[in-house]
Amino acid sequence: MKSVMIDLLQQNEVLVKKSVLSLIVAIVVWQFVSWLMQPSTMPIKQVRIGGELNYVTAEDISTSLSALVDTGYFAMNSSEIVKHATALPWVNKATIRRVWPDTIVLTLVEQKPAAIWNKTALLNTQGEVFKPVFDKSLETLPSLSGVETSSQAILEEYRKVNNAIKSTGIQVSKLSLAEHGSWSAVMSNGIKVSVGHQSPEQAIGKSLRLLASLEGSLIDQLAKVDLRYPNGVSVQWKDGYKFADRVEQIAAFKLKKDQPVKG
C-alpha cells in the first residue's frame, strides 16, 4: 500500500513539474510573440512598389499607406494595407509580401480605363465603374451613358457596334441607353444616330455599311441618321451639302434596311 502511495505521489510530482514547465514555455513564447508584434521590433525600413503604373503616384501611395507601414516587420497588418491600397480609385488589385528583414513589396494592378461613364466616372475593361480624378489623356476615350446597373451591357454593345462597322473606318465615340430603353449614338466623324429600341449592333452596322458602300465621301456628308423607321431611314445632311447633285446616291439610299448588304 505504501509503495502504491509513493508511486502516485511521484506521478503527481512529475505531472506538476510538466505542467509548470509547460506554463513557463507558454509564458516565454507569449512574451516572445508579444515582443515580435511590437511596432518597434524590427521596424520596416523600405517599401517597394511593383506593377506597371501610369496613374497611381508615389504621393497617392504615401498618403494612403504611410501610417500603416510605420510599424514592425511582424506587426504589419497585410490585409489592412491591401484594403487601403485597393481603395485608391486607380487601383484594381493589390498584393503584399514581406522580404526579410525589413522590407515589404506592394504590387499594384491599375484599372484599365475603357470609357467615360455618365460624364463623371470611368469604366474599366470589365465594365465596372470607378471614379478617379480626371486626366486630360482620358478625353479621347469613348463616352457611354445609361443607368448605373447597365454599364457592362452598354460597354459590350459598344464593342459589338465597333466590330460591325470596322470596315467603314468609323467608330462609335458616344453611345447612350435611355431609361426607357432607347439607344442613340454619335460616331467618330460626327454623325448623330437615333437607334430606338432595336439592336445598335445590327441597326448601325447595316446602315453605315450601306452608306459607306454608296460613295466614299457620302457618309462624311451626313449630320444625322434616324434608324427608328420600320422600312427605311431618315437622314439630315451637313450644311452646304447639295444632295440634289447626288440623285443616284439618294435613290440608292432609300433602299429598305433589310436588303442584304455586303460587309
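Could you give the length gained by full extension between E139 and K238, i.e. 0.36 nm per residue of separation minus their alpha carbon distance, to one decimal place?
Gain on stretching E139 to K238: 33.1 nm.
I need R97, R209 ordered by Cβ neighbour count within 10 Å, fewest first.
Taking fewest neighbouring Cβ atoms as first place, the list is R97, R209.
What is the spin-label model distance, in nm, from Q152 to R97 if the labels are put 7 Å beyond Cα along the C-beta direction?
3.1
Quote the Stokes-Einstein diffusion coefficient, in whole µm² s⁻¹, for region 46-110, based on the Kirkwood radius over alpha carbon pairs, a temperature of 4 °C and a viscosity of 1.567 mPa s.
110
For a distance above 21 Å, tell me the whole-number percent of Cα pairs in region 114-253 that qualify.
The answer is 44 percent, as a whole percent.
Kindly provide the Kirkwood hydrodynamic radius of region 36-190 in Å, to one decimal, from all pairs of distinct alpha carbon atoms.
Answer for region 36-190: a Kirkwood hydrodynamic radius of 17.9 Å.
Under a point spin-label approximation (7 Å from Cα along Cα-to-Cβ), what is the K119-L23 distance to one decimal in nm?
So the label points at K119 and L23 sit 7.4 nm apart.
Rule-based calculations on the coordinates, nothing more; no lab input. Just so you know, these numbers come straight off a predicted model, no measurement behind them. Positions of Cβ are generated from backbone atoms using ideal geometry, with glycine treated the same way; all protein chains shown enter the neighbour counts.
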